[in-house]
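Down below is the structure, laid out as structure tokens.
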């Protein structure tokens, strides 16, 4: 019997690195390029065509991570990548989510994102979370479900470190409530829970690696918790 929190149901949701990085969605670039400056959104047309055609492209977790290439302005492109990946084919949500790019001046938004990356590099994900949450890096309309996607992309090279950044959204919180006795709201959870979630993921990845006899990434645990959260 699995000793993972959630037992066999979580173990069955662990998919391996290849499937993890290929977790993807189709979308139409025009949904975003019409609302977000081309200097930030133009690269979306470079993504592969979706087999179904009709102007759709594909973005997966691996391609989202790859946007953090260190080039000029990568931070704003990485933020957009998280939005595109997290929205997928749900085009009706794009107008509301693109407000993050519309309602803050580009230079100011870039500066705020850079401040969070500086905190991430210097003091780790919890400090960067605080910067983006209510600190000097906070951006209008940008909440933790999407700014933790940004932190995850920005910190992807450290995903297997005990405090490497991970995504935390409503479905992850639902799983944490169900499996670990938390009682957090699925919107507006306490920021103090973020380092606790990172610790949970580290612990569960170690347990899963031992049980499965292979390395289990901490973001593989995140995906399993996300999928479980959608079912509870």
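Data for the structure
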item: Principal-axis tilt of helix 193-212 within the chain, Cα atoms, nearest 10 degrees; result: 60
item: Helix-only [θ]222 nm of the chain, DSSP H runs n ≥ 4, -39500 (n - 2.57) each, per residue, nearest 500; result: -16000 deg cm²/dmol
item: Centroid-to-centroid separation of segment 8-76 and segment 171-190 [C-alpha atoms, Å]; result: 27
item: Dimensionless Rg/Rh of segment 1-110 - Kirkwood Rh, Rg from C-alpha atoms; result: 1.06
item: Segment 123-232 shape via C-alpha gyration tensor axes, a/c threshold 1.5; result: oblate
item: Residues 196, 220 arranged by fewest to most Cβ contacts within 10 Å; result: 196, 220
item: Fewest-first ranking of 209, 41, 175, using other Cβ atoms within 10 Å as the exposure measure; result: 209, 41, 175
item: Distance (nanometres) between label positions extended 7 Å along Cα→Cβ at residue 33 and residue 17; result: 3.4
item: Cα-based helix-to-principal-axis angle, 218-231 vs the chain, degrees rounded to 10; result: 90
item: Residue 3 versus residue 184: modelled label distance in nm, points set 7 Å from Cα along the beta carbon direction; result: 2.5
item: Tail fraction, Cα-Cα pairs, the chain, threshold 24 Å, whole percent; result: 43
item: Length gained when the stretch residue 54-residue 163 is fully extended (0.36 nm per residue, less Cα-Cα span); result: 35.1 nm
item: Relative exposure of 64, 168, judged by other C-beta atoms within 10 Å (fewest first); result: 64, 168
item: Contact order relative to length of the chain, as percent, for alpha carbon pairs under 8 angstrom and 6 or more apart; result: 20
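Here, each number is a calculation from the coordinates, and none is a lab measurement. Only a predicted model underlies this, so the values are computations on that prediction, with no experimental measurement involved. Cβ: placed from backbone, ideal geometry, glycine included. Neighbour counts: every protein chain shown.
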